[in-house]
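**Student:** Sharing a structure below in C-alpha cells format, with a few things to ask.
The values are calculated or read from the model by the stated rules, or taken from the named source; none is laboratory data. What you see is a predicted model, and the numbers here were worked out from it, not measured in a lab. Quick reminder, even Gly has a Cβ in these numbers, built from the backbone with ideal geometry, and neighbours come from all protein chains shown. All accessible areas refer to the heavy atoms of the entire protein, side chains included, with ligands and DNA or RNA removed. Shrake-Rupley method; radii C 1.70, N 1.55, O 1.52, S 1.80 Å.
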Amino acid sequence: MRAGSKRKGASPLLALPALGLFAIFALVPMIVVVVLSFTYYNGISSPTFAGFANWSRFLHDSTTHHAIWLSLEIMVLSWLFQTPLALLLGVFVSGRQRYRSVLAAAYFVPLLFSAAAIAITWRNLLDPNFGLLANLTHRLHMSWFPTSWLGNPGLALYMMVFIISWQFIPFHMLLYQAGARQIPRSIYEAAEIDGAGRVRQFLHITLPLLRNTIVTSSVLILVGSLTYFDLVFIVTGGGPGFATRILPLDMYINGFERSDMGYASAISVVLVTAALALSLLLIRVTGFGRFRSTHEGA
Amino acid sequence: MRRLLHLNIPGALAGFVWLVIVALPVYWMVITSLRKQAGYLTADPIVPGRPTTAQYHRVIAVGFLSYLRNSAVVTFAVVSIVLVFALMASYAIVRGRGWIASGSFRLFLLGLAIPLQAAIIPIFFVVNKLHLYDTLPALIFPTAAFSIPISVLILVNFLRDVPTELFEAMKIDGASEWQMLWRLAAPLSRPALLTVGIFAALQAWNGFLFPLVLTQSSGTRVLPFALYDFQTQFGINVPAVLAAVVLTTLPVFALYLIGRRQLLGGLTAGFSR
C-alpha cells in the first residue's frame, strides 16, 4: 500500500455519496434525537422547548420503568434460551454427515421469513380458539396444557422469547456451524486416541475453541433483544396489559400512538446509548474491526 | 475420523425434535393457506384438505401485486444504491490516504452499532423535514443508509486483499482511479458484492419498521406492512392471511433453493442485525 506514496491515491470524494447518505439518515438523527428529547413535539407541529420535562418524566414514569425491566428480562431469557440451543445445534450440523446437512438445510428455513411473516404465523398458530396449538392439545386431551399463551400475562413474555428464538436461533446456529468447522479434525482424532469420549471432547476442545463465536453471538443476542420490536409489536402489541411492553415498544407507543415524540426521544436516547455501549463492547472484545468474512472461499 | 461416523444417538434425537419445532409451523402455514375459509375451523389442522388456491386469488384481488411491485422497486433501488455507494467508498478507503479515508472507515465502523429500531423517532423527523413522508424514497434512503456500514466493512476487507501490483500495472497503462474502480476493483470484488447485495436485498424486502412508521397510504405499501394490514383486514380468514405470508416468502425461498450458500452468506454478513 505504501508503494505509490509519491502519487496521489484515490480521491476521498468517492466516499462522499455513502458518507452523505449515512450522515443524513443515521448520524444526523442521533443528534436530532438528543435535541428532541428536550422538546414537546407531537409529530405534526414544530417542537417547542421543554427543558428537562421529558427526562424528569423518564425518571418517574412507572410504565417505562416496567418496560426497562421487561427489556432486561427478555434480554437475559433470550440469551439463556438461544445460546445453548444454537451452540449445540450449530456444532451438531457442522458434522459432514449427509443427514446432518439435510437437517441444516431445514433448520435455516426460518431465516427466509420476514419478522412480519413469522409474527403473523405464530399469532394465528397460537390463537386460543382456532390455532394449531389449541387444536392439538384438545385432540390429544392435554387439557392441563395452557392454550392461551398470549392472553395470559404470566406466560406471554415467555412465549415471545420462544418465538424470537425460533426466528433467531438459525442465525446463531449458522455462526456456530461456521466456527465449529474451522476446528481442525486432527485435534479430535488425537483426543480420540487418548480415549476422550464425545462429551469430554465437546467440553475440552469444541467449547474453548468456540470462545470467540460465543462472545460474538452473545453480544448480538443481548443488543438485538434490547432493541427488539417487530415481532412483539405484531404478536401482542405489548399486551396483555403491559406484560410484553418492552422498552422499544414503550417508545413506539409514546411516540406514534400518543404523539408524544419528545418523551419517546428521551427513551430513544437511552436505547441508543445502551445499544452503542453494548456494541462497542462487541467490537472491543471480538476485534470486529479486523473482521474477516467467514463465508468466502469455503 | 472413525468417531465422526458413529451415530450420535442423543444428538440425532434432539436434532429431530428441533426439526419438528422448525418444520411444523411452516408446514401448517402452507397447508392452511391451501384451505377454504369455511373448512379451516373444523378441519384437522395437521391433515391437508383438498388443496384450493382460492385464498391466493383473494390475496391477489386485494392489491397484492401492487404491493409486490412497491417491494420490488424498493429492493432494487436499495441494492443499487448500496452496491454503488459502498463500492466507491470502500475503494476510496483502501486506495486513498489521509484522514478522510481512515476517518470515514472509523465512522462506518461506529455506524454498525446504531440500532435502527432505536433511531426511528429522529428518522421520522428527518424524513418529514425532507418532505419524503409516505413516499417510496422514504423507505429506500434509510434502508440503504443502514445497510452501508456493514457493506463497506465487507468490501474494504475484500479489496485490501487485492494485490497492489494490479492497480499499479493499470496505472502505468494510463488508467485513472475512476477507471480502475469500475474496470478492476468492481469485477474483482464480485463475490463480496454478491454477499452485500443479498444482505441489502433481504433488509429491504423484509423490513417492517420503516414502512410502519414512514408510510401510510396503500400506494406506498410494501409487502411486510401489507401482511400486517391483511391480518386486520381479513380478520378470521386465517387461510387468506397465511396465503399472503407464503406469497411474500416465495421469492426468498426460491433464492434459497438456487443459491443456498450465497444466501446464507448474505445473511451472516448482517452480523449486527
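**Student:** Say whether the condition of being out of contact with any helix residue (DSSP H, G or I) (no Cβ under 9 Å at 6 or more places or on another chain) and in a loop (DSSP other than H, G, I, E, B) is met by at least one residue in region A:172-182.
**Tutor:** Within region A:172-182, not a single residue is out of contact with any helix residue (DSSP H, G or I) (no Cβ under 9 Å at 6 or more places or on another chain) and in a loop (DSSP other than H, G, I, E, B).
**Student:** So for region B:191-198 (the condition being within 12 Å of chain A (Cβ to nearest Cβ), free of Cβ contacts under 8 Å to residues at least 24 places away in the same chain and out of contact with any helix residue (DSSP H, G or I) (no Cβ under 7 Å at 6 or more places or on another chain)), does at least one residue qualify?
**Tutor:** Within region B:191-198, none of the residues are within 12 Å of chain A (Cβ to nearest Cβ), free of Cβ contacts under 8 Å to residues at least 24 places away in the same chain and out of contact with any helix residue (DSSP H, G or I) (no Cβ under 7 Å at 6 or more places or on another chain).
To keep it simple, each residue is scored yes or no on (1) more than 25 Å from residue A:148 (Cα to Cα); (2) part of a helix (DSSP H, G or I); (3) within 12 Å of chain B (Cβ to nearest Cβ); (4) open to solvent by 10 Å² or more (accessible area, probe 1.4 Å).
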{"site": "A:232", "(1), (2), (3), (4)": "no, yes, yes, no"}
{"site": "A:237", "(1), (2), (3), (4)": "no, no, yes, yes"}
{"site": "A:248", "(1), (2), (3), (4)": "no, yes, yes, no"}
{"site": "A:252", "(1), (2), (3), (4)": "yes, yes, yes, yes"}
{"site": "A:255", "(1), (2), (3), (4)": "yes, yes, yes, no"}
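**Student:** Which is buried (at least 17 other Cβ atoms within 10 Å of the Cβ), farther than 23 Å from residue B:126 by Cβ, away from every other protein chain (no Cβ under 12 Å) and not hydroxyl-bearing (Ser, Thr, Tyr), of A:89, A:77, A:72, A:112?
**Tutor:** A:77
**Student:** Hey, among A:106, A:117, which residue is open to solvent by 20 Å² or more (accessible area, probe 1.4 Å), small (Gly, Ala, Ser), in a helix (DSSP H, G or I) and out of contact with any Phe, Trp or Tyr (no Cβ under 7 Å at 6 or more places or on another chain)?
**Tutor:** Numbers: A:117 fails: open to solvent by 20 Å² or more (accessible area, probe 1.4 Å).
The conditions single out A:106.
**Student:** Any chance you could count how many residues in region B:64-114 are in contact (Cβ under 8 Å) with a residue 60 or more places away in the chain and either of a type outside the set (S, T, N, Q) or facing another protein chain (nearest Cβ under 9 Å) (or both)?
**Tutor:** Looking only at that region, the number is 23.
**Student:** Pick out the one residue from A:259, A:218, A:165 that is in a helix (DSSP H, G or I) and open to solvent by 10 Å² or more (accessible area, probe 1.4 Å).
**Tutor:** The match here is A:218.
**Student:** Name the single residue, out of those in region B:214-273 being among the basic types (Lys, Arg) and not in a helix (DSSP H, G or I), that is nearest to the chain's Cα centre (by Cα).
**Tutor:** Among residues in region B:214-273 that are among the basic types (Lys, Arg) and not in a helix (DSSP H, G or I), the one nearest to the chain's Cα centre (by Cα) is B:273.
**Student:** Could you go through region A:37-52 and let me know if any residue there is in a helix (DSSP H, G or I) and either of a type in the set (Gly, Ala, Ser) or open to solvent by less than 60 Å² (accessible area, probe 1.4 Å) (or both). Lay out the reasoning, then the answer.
**Tutor:** First pass over region A:37-52, keeping only residues in a helix (DSSP H, G or I): none.
Within region A:37-52, not a single residue is in a helix (DSSP H, G or I) and either of a type in the set (Gly, Ala, Ser) or open to solvent by less than 60 Å² (accessible area, probe 1.4 Å) (or both).
**Student:** Still on this model: Out of all the residues in region A:43-53, which are in contact (Cβ under 8 Å) with a residue 24 or more places away in the chain and either aromatic (Phe, Trp, Tyr) or within 12 Å of another protein chain (Cβ to nearest Cβ) (or both)?
**Tutor:** A:43, A:44, A:47, listed by residue number.
**Student:** Residues in region A:70-93: is at least one modelled with pLDDT under 90 and not in a helix (DSSP H, G or I)?
**Tutor:** Checking region A:70-93: not a single residue is modelled with pLDDT under 90 and not in a helix (DSSP H, G or I).
**Student:** Against the conditions (1) under 26 Å from residue B:115 (Cα atoms); (2) without any contact (Cβ under 8 Å) to a residue 60 or more places away in the chain; (3) open to solvent by 30 Å² or more (accessible area, probe 1.4 Å); (4) among the aromatic types (Phe, Trp, Tyr), where does residue B:205 fall short? Just the number, please.
**Tutor:** (2)
**Student:** Right, something else. In region B:213-223, what residues are within 8 Å of chain A (Cβ to nearest Cβ) and open to solvent by 10 Å² or more (accessible area, probe 1.4 Å)?
**Tutor:** Of everything in region B:213-223, nothing turns out to be within 8 Å of chain A (Cβ to nearest Cβ) and open to solvent by 10 Å² or more (accessible area, probe 1.4 Å).
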